[in-house]
Amino acid sequence: MQQVTSRASRRRQRTARRRFAAIGGLVMVAAAAGSVLLMNNGRTPAASRIVPTRATTTTSTTIPPTTTTTVDPGTLPQTMDRPTTTDPQFQASLTNFWHAIVTDDPTPAMPFFFPVSAYLQVKSISNPASDWQQRLVAAYQRDIHSLHASLGAAAATAQLTGIDVPPTEQWMLPGSEYNKLSYWRVEGSQVHYLVNGRAATFAVASMISWRGHWYIVHLARIA
């Protein structure tokens, strides 16, 4: 009976030791965890934290290139609009025309000359482009050089004072001047200027219209 009691006592002691060991292990784990938390100021260690990443969105704005389109008026249809000498285009063209004369350079005066694109529409001849360049433009440029020469040494100081366009314009019907389209025509306009303090004039032989604007087509003479 004493031997049985002794065995039961030893079993209870072993069970108690195992429970004590288990409790001790739990205490050690808890202590270790507490130490880690203290080392990280109570935060989860960086290695175990999941840091959300924010997708970076890049917006690219492409500005379309700016294009400036200038329509050649000579490619547009003719109109019956009656030209005037007060519109800004005429005034600017006249100023550039005078600048071409005093500088002996026909280039600034070309916008005041009837455009070739309109001449192609107007004239009913075999080769209007060649006629425009070889006959009309050539004569226009020669006349500008002659007008510059007529100003003499005072050309640089000569001053434009105005232009008189007579109220005698005519609406030219197709077939009247080898033309297949109509236009306004005026002859004998007078350009006024001062040179060496003296008033002087010269004539513009002929201007014709395109879409309500005057253009020179013959300067010194109709040829």
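The values are calculated or read from the model by the stated rules, or taken from the named source; none is laboratory data. What you see is a predicted model, and the numbers here were worked out from it, not measured in a lab. Virtual Cβ from ideal backbone geometry, glycine too; neighbours counted across all protein chains shown.
Among the conditions (1) more than 25 Å from ALA118 (Cβ to Cβ); (2) surrounded by fewer than 17 Cβ atoms within 10 Å (Cβ to Cβ), TYR193 misses just one, which is (2). Answer with yes or no whether LEU181 is surrounded by fewer than 17 Cβ atoms within 10 Å (Cβ to Cβ), closer than 18 Å to TYR215 by Cβ, under 39 Å from the mean Cα position of the chain (by Cα) and not small (Gly, Ala, Ser). So LEU181 fits the description; yes. Just one of the listed residues (ARG211, ARG221) is within 39 Å of the chain's Cα centre (by Cα) and either hydrophobic (A, V, I, L, M, F, W, C) or under 29 Å from PRO73 (Cα atoms) (or both), and it is ARG211.
One line per residue, one yes/no per condition, for (1) outside any helix (DSSP H, G or I); (2) over 21 Å from TRP171 (Cβ atoms):
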site: THR84; (1), (2): yes, no
site: PHE90; (1), (2): no, no
site: SER126; (1), (2): yes, yes
site: ALA138; (1), (2): no, yes
site: ALA149; (1), (2): no, yes
site: ALA153; (1), (2): no, yes
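For region 155-173, state whether one or more residues are in contact with a Lys or Arg (Cβ under 9 Å, 6 or more places away or on another chain), among the aromatic types (Phe, Trp, Tyr), surrounded by fewer than 14 Cβ atoms within 10 Å (Cβ to Cβ) and not in a helix (DSSP H, G or I). Looking through region 155-173, at least one residue is in contact with a Lys or Arg (Cβ under 9 Å, 6 or more places away or on another chain), among the aromatic types (Phe, Trp, Tyr), surrounded by fewer than 14 Cβ atoms within 10 Å (Cβ to Cβ) and not in a helix (DSSP H, G or I).
Let's see how each residue does on (1) of a type in the set (D, E, K, R); (2) more than 28 Å from ASP87 (Cβ to Cβ):
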position: ALA118; (1), (2): no, no
position: LYS123; (1), (2): yes, no
position: SER126; (1), (2): no, yes
position: GLN141; (1), (2): no, no
position: ALA156; (1), (2): no, yes
position: ASN179; (1), (2): no, no
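Going by the structure shown, is PHE97 within 30 Å of TYR193 (Cβ to Cβ), touching a strand residue (DSSP E or B) at 6+ places or on another chain (Cβ under 7 Å) and at pLDDT 50 or above? Spelling it out, it is not the case that PHE97 is within 30 Å of TYR193 (Cβ to Cβ), touching a strand residue (DSSP E or B) at 6+ places or on another chain (Cβ under 7 Å) and at pLDDT 50 or above.
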